[in-house]
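Step one of this worksheet: look at the structure below.
The values are calculated or read from the model by the stated rules, or taken from the named source; none is laboratory data. This one's a predicted model, so the numbers in the text were calculated from it and none came from an experiment. Glycine gets a Cβ as well: all are built from the backbone with ideal geometry, and neighbour counts include every protein chain shown.
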Amino acid sequence: MTRKRWALAAATAMAVIALLAAACGGDGNGEEGGGTLQTVLDRGELKCGVTDSLPGFGFKDPNSVYSGFDIEFCKAIAAAVLGDAEQVQYVPASSQARFELLASGEVDILVRVTTITAQRDVSRGVDFAQTTFYDGQGFVVHADSDIRTAEDMAGTTICVAAGTTTEQNLDDFFNARGLAYTPLQGDWPDPQDQFLERRCDVLTSDKSGLAARISALPNPEDYRFLPLTISKEPLAPGVRDGDTRWKDVVNWVVYGLINAEELGVTRDNVAAMAADPPNAAVARLLGEPFKGSEVADLGFGVDAQFIQRALMAVGNYGDIYARTIEQLGITRAGTLNALYTEGGILYAPPYR
Amino acid sequence: MTTMTGGLPPPAPTPLFFRRGFRNLLAQGVYVGVTALVIFYVVQALGGREYGFGFLNQPAAFDVGNQWLINVDGTTNTRFTMYLVGIWATARVVMVTLLLSTVLGVAVGVARLSPNWLLSKMAMLFVEIFRNMPLFVQIVLWYAIVLFGLPQIQNALDLGDTFFLSNRGIAVPWPEPDGGLYGGPEWLTAVWAAAVAAAAVAAWFVRRRRQELERETGQPHYPNRWGIRLFAGGALVSFLALGLPLTIDVPVLSGTDYAEGLTLRPEFTALTLGLTIYTASFIAEIVRASIQALPKGQTEAANAIGLSGYQRLTLVILPQALRQMIPSVTNQYLNASKNSSLAYGVSYADLFFVANIIQNKIGHAVEVFALIIVTYMLMSLAISVVMNFLNSRLTLTRV
Amino acid sequence: MTEPVAGARKVVLPPHRVRAQRPLGTRAREWTRENLFPSPAQAVVTLLALAFATAIVALAVYLVLAAEWRVITVNRWLLFAGGFPQDQEWRLWVSVALVFPLIGAAFGLWASLGRRDLLFMALAAGFLFFLARHGDAGWASTVWVAGSLALFFAGYLVCRLVPREPGRARSIATWTAGGALALALPAVLAVLMAAGGARTNEFSGFMMNLILAPVGIAGGLLLAIPLAVGRASSLRAVSWTCTAYIELIRGAPLIGWLFVALFILEDVIAGDLIVRTMVVLAVFTSAYIAEYIRGGLQALPHGQTEAAQAVGLGRTRTLQLVVLPQALRISIPPIVGQAISLWKDTALISAILPLRELVGNSKAAIAQPEFIENRIEVYVFAAVLFWIVAFVMSRVSQRMERSLGIGER
């Protein structure tokens, strides 16, 4: 009996604390009013969900400095929206947790080698912007392995990252052929580590990512790619569902970088081009007046020179590719990621 | 003031607000109201999601590797089936862990109290080192050691063509159902298993009967001895009679993996090793404390009647300490069963790992978490029930 | 010892003193015979144990020497501070300088360093020095490690001067140290964050563990007291809800609640993920601590309450002055145990959440192609760091248990 009143006071206090916490909480997705764009502008910083362990795409060095293809796009968007490519907070997003990070507002954008799929688009609260990289799922084996074809993989152990489209493709691929296989899904232990130690016979992932990882190793010649591509993996930045303003900005930064390459605007010549645009298309892209004409504000919610700032920060699509992925010895010419004028499928809508 | 004529004035009725009953009622009312508000807030905050367990019945579209005695693929099976596969994986790890950690824990706990200085200090080191390191790091470390330290499959260590050791796993011989000498059907093994079970039941009854006789007559009737004889005899005779309906499958290397036999995969090994050692270091402390809590007279009395050290331990000390340590050990069992979720660190597809994959594919985090917590609670309940049964038997009989 | 002088009265020493006076060699032989070789069976055990111990020690020494510790020295910053702004490094050192003497003081006041503690600590410190001086590490880290240790011992020695007996000096010292310990967390957070310091989302590496665990423990303790009292309450509604809360929280492993922090709690509690993590850690710990406090409440003899009421204390005062202080005292050892457990549990935050504490950054370190072979080194290093802190905590708790006279039979 003696403890009642005390208990009561305590319980009430707890309840009040919980309520207060809840009330202070509200929904902090930053979706009120201006959407993500406004949130980013107010915060003065872009929160970018990335991977931190994939050389060439997103990688963290000993000083916690991030680099890679995806990182460059984060920088481009930060430069476009905030005017400073360094105002990015990189949030390491595991393949398992990435969509929740986006949905919960923990990140503003996901640039994390993420494949567009219908299910993700519809049921995971993510909306995909323009594809930045066209990829496909491939396989790597040890050079001394007997595996040369898909059929050779029957009965083997295959390392794959948990919670990815590759995991799903693998299941489809093998079941369609009636082949048995043993998957070894890794999330915390890196599937690559398991493969290198020969815990499994085959490592599968997006081809470019695989190539990047293998070429970053001290002895890349010890590994061999199978001549197989079993899926389409268009990798695209993801934004929250239903936030079209923000998606427009992200989309047109990507289109802008592709268009810039087509128009011959690079990081080195963008300042000169901005001072004296060679033609109307370049002028429009950089948001500069051409022969006395007015600069049209298309209503993105950021000023007209946002693509120009992105170009100044990271250069055009080709510059990014050369700086990050080509560095690892993965050529671009002749792949899907070449411009459409050069046999690829990069075809950005005109900026006008 | 009233005059002091006789008796006290009738007490003024307590105002309603100061009556204990009323205040209790009021307090509970307020409490319930506030709690309801909090719950309402949470429900409302989570209300924006879509709910329903239908997603569990859709095809899984993923496969998991560490299956044993089952073969489930992701294309034809539902997500729920995959979850059951995860539960089975968890159950395996938990059962092995509880068994091994009890044995190791008791051994280390007893060694800790050994008069042998070196042994006692080594037991202390074991406890101090493994109890104070995060289990997750230990498991991840064991996995790194197993993966990195063991030879790769092409250099697998071959122990007499019977045991193989590599980072694909530890392959050991394992019994397989078989038709036996007379080439009978495979279900002969099941018949034999039934015969063994029958022998066990019979042995149990014989032991009980002999125990009763012993109590009634005061003469030794060797209940344990006869029980074991009956059981072993029954098992052996039926095994021979059925024509040895069981073969031992010896593992062989085939390609880059093992065939036949039983393979303990590195993920399972690392997880079980880490869990066992961690849990054992706690159980060892419990065992030590329970033995130390026994009155010193017990040891002295045992010495006085001339029991050997081993007899003293198994007949006098441990049975008594056991009663004291069961509640604490049960707690450690519950911890170990929940800690099995750290399988995440070694990509062992336990129930939490599978649930996480499902969540990643389709969302429905609230339902998935409900599934997880209900599963763990049921598992805890099962362990508690078994341990309580054990406890009641141990404390009821012969005090 | 001197020979008795003729004529002087012969002093008869007690047997243990006589034994102690014999030459060292004899005593060592006797000790060895009694403790290592009392019987043939024991001798076999000793020899086996010796062989085993030698093998383990040799293996450990070999591994330490053969290992490639450059992965640690190169990634020092990543492992300890991660995303913390590098130009604000001084804030970290100031925090260390704040906390270390306090830990030393806690040791000095409530415990003492035995030979065993010193041995363990010397091993750990030796390991740290080995790393600090290994490879291309600068002198600065060595100096800082040495300085921190010196501060620890300074705090310890100062507090050893305080008399052990209850008295004015001791109570002043206790309250000062207790207050300083309670204020340490806010003070450190202020040092780290105030006036242009780091933001919460820049916490990472080992310092994140060092911040999250105390926050979780303090929050858990605050939540646990009302919960425990509520569970023991005779008001049905209160005790039922508290019981349900406690059992629900204890039902799932921490990794499951981290799953909730990431995937579910975002709709309920706003703020950075690290804030939700702190809430989850506090809530998780509270359920366990509440059970220990309840155990303490139940262990109190009923006479305590009755006596308090007999001297005219009200219900609240009884609880506040008589019941809770005693119950809390009894439950201190298991609460410290839970604190250690939470400390170790912070190691699995990175497994689920996109926060990078020590173990998470260890994984990032071995993702560097250069160090892909050094997995074991990195995880051993992390384990040792966790171990040192947990060991210090467990030592303090054991000593406290003894000095408070809890659990004595």
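Couple of notes before you dig in:
- For the range C:40-80, filtered to residues that are among the charged types (D, E, K, R) and outside any loop (DSSP other than H, G, I, E, B), the residue that is nearest to the chain's Cα centre (by Cα) is C:Arg76.
- Criterion (of a type outside the set (S, T, N, Q) and either surrounded by fewer than 23 Cβ atoms within 10 Å (Cβ to Cβ) or in contact (Cβ under 8 Å) with a residue 60 or more places away in the chain (or both)) met by exactly one of C:Leu265, C:Leu258: C:Leu258
- Just one of the listed residues (B:Gly74, B:Gly149, B:Gly169) is buried (at least 18 other Cβ atoms within 10 Å of the Cβ) and at pLDDT below 90, namely B:Gly74.
- Just so you know, in the range C:1-20 the residues that are β-branched (Val, Ile, Thr) and part of a loop (DSSP other than H, G, I, E, B) include one that is modelled with the lowest pLDDT, and it is C:Thr2.
- Residues being without any contact (Cβ under 8 Å) to a residue 24 or more places away in the chain and not aliphatic (A, V, I, L, M) - total across the range C:312-355: 9
- Spans of strands (runs of 3 or more DSSP E) in the range A:139-215 with at least 1 residues surrounded by fewer than 24 Cβ atoms within 10 Å (Cβ to Cβ) and facing chain B (nearest Cβ under 9 Å): A:157-161, A:182-186
- Checked against the criterion of being closer than 28 Å to C:Leu297 by Cα, free of Cβ contacts under 8 Å to residues at least 40 places away in the same chain and either surrounded by 15 or more Cβ atoms within 10 Å (Cβ to Cβ) or among the charged types (D, E, K, R) (or both), the candidates C:Arg168, C:Arg231, C:Arg236, C:Arg199 yield just one match: C:Arg236.
- A:Gly136 within 8 Å of another protein chain (Cβ to nearest Cβ) and either touching a Ser or Thr at 6+ places or on another chain (Cβ under 9 Å) or among the small types (Gly, Ala, Ser) (or both): no
- Which numbered condition C:Gln309 misses (of (1) modelled with pLDDT of 85 or more; (2) facing chain A (nearest Cβ under 8 Å)): (1)
- Any helices (runs of 4 or more DSSP H) falling wholly within the range B:19-134 and containing at least 3 residues that are within 10 Å of another protein chain (Cβ to nearest Cβ): B:20-45, B:117-131
- Taking the numbered list (1) closer than 30 Å to B:Ala89 by Cα; (2) at pLDDT 85 or above; (3) not assigned by TED's automatic domain parsing to the domain that holds B:Tyr333 in turn, B:Leu236 passes all entries but (1).
- Output for the range C:344-353, where each listed residue is within 9 Å of another protein chain (Cβ to nearest Cβ) and crowded, with 23+ Cβ neighbours inside 10 Å: C:Lys344, C:Asp345, C:Thr346, C:Ala347, C:Leu348, C:Ser350, C:Ile352, C:Leu353
- Of all the criteria given as (1) closer than 28 Å to C:Thr46 by Cα; (2) free of Cβ contacts under 8 Å to residues at least 12 places away in the same chain, the one not satisfied by B:Val110 is (2).
- Residues of the range A:227-269 classified as crowded, with 18+ Cβ neighbours inside 10 Å and among the polar types (S, T, N, Q), total: 3
- Criterion (assigned to a loop (DSSP other than H, G, I, E, B) and within 14 Å of chain A (Cβ to nearest Cβ)) met by exactly one of C:Ala198, C:Ala224, C:Ala228: C:Ala198
- Search result, residues across the range B:164-187 that are in a strand (DSSP E or B) and of a type in the set (S, T, N, Q): B:Ser166
- The set of residues in the range B:146-193 that are in contact (Cβ under 8 Å) with a residue 60 or more places away in the chain and β-branched (Val, Ile, Thr) comprises B:Val146, B:Ile153, B:Thr162, B:Ile170, B:Val172.
- Within the range B:246-296, restricting attention to residues that are crowded, with 16+ Cβ neighbours inside 10 Å, among the polar types (S, T, N, Q) and not in a helix (DSSP H, G or I), the residue that is modelled with the highest pLDDT is B:Thr263.
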